Amino acid sequence: MTSIHPQQIFAKFILLADGWQENVLLEHDSNGVITKIKPQTEKPANFSGKVIDGAVIPGMVNNHSHAFQWAMAGLGEASGSSKDSFWTWRKAMYGFVENIEPEDLNHIASALYMQMLKAGYTSVGEFHYLHHDKKGGFYENPAEMSMQIFEAAKNSGIDVTLLPVFYRYSGFGPQAPNDGQKRFIHSQDDYGRLLEQVHLLSSEYNQSYGIAPHSLRAVDKSDLEFAVKALRSQSESAPVHIHIAEQTKEVNDCVAHYGQRPVEWLYDNLSPDDKWCLIHATHLTDGEVKSIAGSKAVVSICTTTEANLGDGFFPMLDYKAQGGRWSVGSDSHISVNAIEELRWLEYQQRLREHSRTVLVDGANSSTGHWLWTQAAQGGAQSLQQPVGQIAVGYKANFVELNLESLVFTGKSREQLLDAFIFNHQADNDAINTVWIRGKKVVEQGNHISQEDIIDDFKKSMARLQVG
Ligand SMILES: [Zn+2]
């Protein structure tokens, strides 16, 4: 049942756009969008809303997820007979993908999104490419697997932006897809139809969507133009995500085929703008850094996955100096932990620069504050969603920090986000509750549907014979 009356939340301590505030009264509508913020006020007499005692910060956006890959996290870590690389990992991943049924995708994604919520991620961009049945044929409902992602969002409560992947080729050329890719492939017409269905499903589930042309090796120029045009015929603002320059082999193959590096080619042939998100913009020249920063597109840095796969370092300092916009994603989910993505992004710079407190907003400012707020706002832009900050017109997606945690003992309010990110303990109890659209989905560190979600996840993992 929805209410026409605004819902009220009284937050004792909350991070608004202009900094920490005490005793703030918020109102949100039935869709969880904040309609009013009144700082430094008293709790109204006869207050019947919800009170938050801990420190409230905006939820983090995880803008790059391949949900099914979580089921194989930890499986690619034994050495093989030859030098392990991204490409041998990918081969193992394709083997695993073979057996996933729609119900399994639902169970794996529901459990993954539950873990994300517990880790402080309140939105996810699902770069979804497992579309077809085991033989590579369409399901009776061609959007079956997309629907399972929306179902998983419903089960877990997370906000999802579904990014159905457009995948046609196995390499530049174009090269025909290989057998391991048969569940991913669409023609232009089929992809156009899928997009229409995803558009309908997104409004049915009260979620959002965009497109994800997989990479320059998986689609050609006409495919990219087709996908963007199809999207724009349905939505003015929905986002476009693409893997761009993750591996040096990919960059070299692109140069061999097009005579240009991936980012160079993309900016010469399409017009990426602030609705684009470039995933793994790892290997860039100075000119490419400038192009991305100037276009106001967002890059998605997947720190832990990029480390796990041995991709390389994103040129963060040059990009930051040019005002580049950025965000984080947990990608293959070898770590579902926003803190770790951000902390290791900063540590990469410290190790390279032999320096400290590198990713900050000028002198005398907090590293943790800059990392959390910039990543949340960049992530929000990349999904084109009103999230990532606590303000009127934005969703009431909050993380409540547990001020009773030893992590925060003795810390001032200006030090809270530094302690949250850089005082990370194995028994971390820093996150207390998590709110999506004004409703609690994690309480005392536990998800509200935890037992059912875990039971279903275990059933699927047993069936898939993982572990
Ligand atoms: Zn990816």
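The values are calculated or read from the model by the stated rules, or taken from the named source; none is laboratory data. Just so it is clear, the model here is predicted, and its values are computed rather than measured. Positions of Cβ are generated from backbone atoms using ideal geometry, with glycine treated the same way; all protein chains shown enter the neighbour counts. All accessible areas refer to the heavy atoms of the entire protein, side chains included, with ligands and DNA or RNA removed. Shrake-Rupley method; radii C 1.70, N 1.55, O 1.52, S 1.80 Å.
With protein chains left intact and a 1.4 Å probe, residues in the stretch 60-383 average 36 Å² of accessible area per residue.
Provide the percentage of antiparallel DSSP beta bridges, counting only those with both residues in the chain; round to the nearest 5.
45 percent
Between Ala256 and Asn141, what is the FRET efficiency for a Förster distance of 35 Å, r being their Cβ-Cβ separation, to the nearest 0.05? Calculated transfer efficiency: 0.30. All other residues whose Cβ lies under 9 angstrom from that of Gln381 are scored, Lys and Arg at +1 and Asp and Glu at -1, for a net of +2. By the rule of a C-alpha distance below 18 Å, with chain neighbours fewer than 8 residues away ignored, the lysines paired with Lys12 are Lys36, Lys38, Lys43, Lys50, Lys411, Lys439, Lys440.
Note on Asn364 and Gln40: with the Förster distance fixed at 25 Å, the Cβ-Cβ geometry gives a FRET efficiency of about 0.50.
Annotation: amide H of His241 within the under-5 Å range of Ile211, Ala212, Cys277, sequence separation 5 or more or interchain, hydrogens built in the peptide plane. Spacing of the modelled spin labels on Lys439 and Asp452, each 7 Å from Cα toward Cβ, amounts to 1.2 nm. This model, with +1 at the C-beta of Lys and Arg and -1 at the C-beta of Asp and Glu, gives the stretch 60-383 a dipole about its Cα centre of some 500 debye. Taking only protein heavy atoms and a 1.4 Å probe, the accessible area of the stretch 60-383 is 47% carbon and sulfur. For the stretch 142-293, just say rounded, prolate or oblate: build the C-alpha gyration tensor, square-root its eigenvalues into a ≥ b ≥ c, call rounded for a/c under 1.5, and beyond that prolate if a/b exceeds b/c, oblate if not. Prolate, because a/c is 1.5 or more and a/b exceeds b/c.
Over the chain, the Kirkwood radius and the radius of gyration, each from Cα atoms, give a ratio Rg/Rh of 0.96. Our note on the geometry: Cα centres of the stretch 268-291 and the stretch 391-467, 33 Å apart.
Helix-only mean residue ellipticity at 222 nm, the chain, DSSP H runs n ≥ 4 weighted -39,500 (n - 2.57), per residue, nearest 500. What is it?
When only DSSP H runs of four or more count, the value is -11000 deg cm²/dmol.
A full extension of the chain between Ser355 and Thr248 corresponds to an added length of 35.8 nm, given 0.36 nm per residue minus the alpha carbon distance.
Mark the label point 7 Å from the Cα of Ala176 along Cα→Cβ and return the residues of the stretch 120-142 whose backbone N is within less than 20 Å of it. Hits in the stretch 120-142 for Ala176 at 20 Å: 132-138. What the phi angles of the stretch 183-197 give under the Karplus curve with 6.51, -1.76 and 1.60, with θ = phi - 60°, is a coupling list of 7, 9, 8, 9, 7, 4, 4, 5, 5, x, 5, 4, 4, 4, 5 Hz, glycine and proline written as x.
Each Lys or Arg adds one and each Asp or Glu subtracts one; over the other residues with Cβ under 13 Å from the Cβ of Thr35, this totals +2. Measuring with a 1.4 angstrom probe and ignoring ligands and nucleic acids, Val358 comes out at about 30 Å² accessible. Amide H to amide H distances under 5 Å link Leu403 with Ala55, where only residues 5 or more positions off or on other chains count and H is placed in the peptide plane. 3J(HN,Hα) couplings calculated from phi for the stretch 160-165 with the Karplus curve 6.51 cos²θ - 1.76 cosθ + 1.60 (θ = phi - 60°) are, in sequence order, 10, 10, 7, 10, x, 7 Hz; Gly and Pro show x.
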